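Okay, so here's the structure we're looking at.
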Amino acid sequence: MSQLNGRALAVSGIGVLFVWSGIKGWSVLGTIGDAVTGVKPSQSVSVPLQLGNAGSPASILATGNAFSVIGGGGGSALATTAMAYQGHAYRFGGAPGRNLQNPWDCSSFVNGIASVKLGMAIPGYGPGKYDGTTHGPPTGTWAVWNGLVTIPRASVQAGDILLWLGHMGIAINNTQMISALNPSEGTKVSTIDKGVGRGPLVRIGRFK
């Protein structure tokens, strides 16, 4: 995506913010803040820090409760790696840490999986340059980043990045995603079209 297209996307995204805020009766500034930083959940309970099913992607996908990871190349690796962190603890604004042992929120979860674990470029950081010691790029930065190619909903596959106002996650197939939801649910699989952010999907992006 060119720099011009990135700017156009940002402008259209701002338009969506104003329209959706008007429909819902939300504060425009509050909605913009949620889109950029993510929505802070109201729950105060933190789930225990743990990795699902021994923390192995293979072991998770081999269980009876496994979810099918359908995609190609790096997308499947991103989704499969993310699936190893089902049950991981949530903390709004949390930095995942160098070994991804710290609680995280929706965007720092994606930052940690993509860059710390897999050495991929993320907004503001070259390949593998983000080390997890800070939160890293928030949701709004991902929404306008030119390192993703915008794709239609019907083409979603494993490893695609899904962005709402105030939330983001990683697709594991065309209908399901994994994301860091809130303190009581932690990091878990949910249905893409059920929606977990404010309003409709703002962008679906695939790594270039």
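Rule-based calculations on the coordinates, nothing more; no lab input. Worth saying up front: this structure is predicted, and the values here are computed from it rather than measured. Cβ placement follows ideal geometry from the backbone for every residue including glycine, while neighbour counts extend to all protein chains displayed.
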Legend entry - Contacts under 7 angstrom Cβ, first residue in segment 105-130 being closer than 24 Å to Asn182 by Cα, partner among the acidic types (Asp, Glu) and surrounded by fewer than 24 Cβ atoms within 10 Å (Cβ to Cβ), 6 or more apart: Val116/Asp131
Legend entry - Selection count, segment 138-153, where residues are assigned to a loop (DSSP other than H, G, I, E, B) and touching a strand residue (DSSP E or B) at 6+ places or on another chain (Cβ under 6 Å): 1
Inset, instruction - Among what's in segment 99-126 and is among the small types (Gly, Ala, Ser) and in a helix (DSSP H, G or I), pick the residue that is nearest to Leu148 (Cα to Cα). - result: Ala114
Inset, instruction - Would you kindly identify the strands (runs of 3 or more DSSP E) lying entirely within segment 154-208 that contain at least 3 residues that are in contact with a Lys or Arg (Cβ under 7 Å, 6 or more places away or on another chain) and surrounded by 18 or more Cβ atoms within 10 Å (Cβ to Cβ)? - result: 161-165
Legend entry - Residue in segment 104-139 that is surrounded by the fewest Cβ atoms within 10 Å (Cβ to Cβ), counting only those that are closer than 14 Å to Gly205 by Cα and over 11 Å from the mean Cα position of the chain (by Cα): Ala121
Inset, instruction - Could you tell me whether segment 147-168 includes any residue that is farther than 18 Å from Ile113 by Cα and of a type in the set (D, E, K, R)? - result: yes
Legend entry - For Met177: the one exception among (1) under 18 Å from Gln86 (Cα atoms); (2) touching a residue at least 24 places away in the same chain (Cβ under 8 Å); (3) within 11 Å of the chain's Cα centre (by Cα): (2)
